[in-house]
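Here's the structure we're looking at; comments come further down.
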Amino acid sequence: MSAPVLPFSLAAWAAWAPGLNTPEDWAVWASGGKTSEGETKPDLPFVDAMTRRRLSPLSRMSLWAAHQALGGRTGIASVFASRHGELPRSAELLAQLAAGEPLSPMGFSLSVHNTASGLHSIVARDTAPSTAIAGGADSLTAGLLEALGRLAENPAAPVLLVYGDDRMPEVYGEFDSAKLMPHALALLLSSGDTHRLSLETGAIGEAERECQSLELLRTLACGGAARLGDWRWQGA
């Protein structure tokens, strides 16, 4: 039996990390000529000031990437994927509980895994379906497969995939083997055959699984293929 091959097209993509926010920035980064540094959060002029003040770095990055990839499109179903989600905010709430301090209802409401998904629907005033996914080191591919599944159900309707992660809180430092830079990536997927996702045979190490999103960003910036866990992304 042949391995599954999922065809699709990439209508647009956008990504943000400190000091990296254009395709040109990412191309220089991919070639080793630039590192991620500088501002720790993107500017969000399309979000009202009161909401902006409440956003975590992860939510800011995710909303920025989604806004850029959509380019004004509305009514687009979305999938938001993250390995750790709002872990820094959750860790802060747990510390307050341990200290016997009262919890902020707002802080709690913005600590859930679908925070970015919900904020996107509110900020964009978009009632299209949205899903939040976590799949460990394979969270990016889990989100990608969910998005492609939605696309297969309705080929005429593009799907937005947003993947983002922030640094883990210091208290969880011993479990943060990858220590990846904060970043968010948005892909606007449509039906077509300019790209393919195919099941890849052969073992892959844990270190390779840890950096799927950055591996994909290198491919988006420079072309070629990317190994994403048990799958291979191949562009035109």
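Every read-out reported here was derived from the displayed coordinates using simple, explicitly stated rules and does not represent laboratory data. Because the structure is predicted, anything quoted here is derived from the model rather than measured. Virtual Cβ from ideal backbone geometry, glycine too; neighbours counted across all protein chains shown.
If each DSSP helix of 4+ residues adds -39,500 (n - 2.57) and the sum is divided by the residues in the chain, what number results at 222 nm, nearest 500 deg cm²/dmol? Walk me through the numbers on the way to the answer.
On the way: 9 runs with 85 residues, N = 236.
Mean residue ellipticity, 222 nm, calculated: -10500 deg cm²/dmol.
Going by average Cβ neighbours within 10 Å, how do the peptides 31-39, 139-147 rank, with the highest at the top?
Going from most to least packed, we get 139-147, 31-39.
Using Cα springs under 10 Å in a Gaussian network model of the chain, which residue among Ala81, Ala157, Ala184 shows the largest mean-square fluctuation?
Among Ala81, Ala157, Ala184, the largest GNM mean-square fluctuation belongs to Ala157.
What does the highest-first list of 108-114, 83-89 look like by mean Cβ count within 10 Å?
Numbers: 108-114: 16.1, 83-89: 22.3.
Descending mean neighbour count gives 83-89, 108-114.
Sort 95-101, 126-132, 8-14 by packing, meaning the average of other beta carbons within 10 Å per residue, with the highest value first.
Most protected by this proxy first, the peptides run 8-14, 126-132, 95-101.
Please report the antiparallel percentage of the DSSP beta bridges confined to the chain, to the nearest 5. It would help to have the intermediate numbers written out before the result.
Numbers: 27 of 37 bridges.
Close to 75 percent.
Could you give the distance between the Cα centres of region 9-28 and region 101-178, to the whole Å?
What the calculation gives is 19 Å, centre to centre.
Using a Förster distance of 30 Å, how high is the FRET efficiency between Arg54 and Glu24, based on the Cβ-Cβ distance and rounded to 0.05? Show your work: numbers first, answer last.
Numbers: r = 32 Å, r/R0 = 1.06.
About 0.40, to the nearest 0.05.
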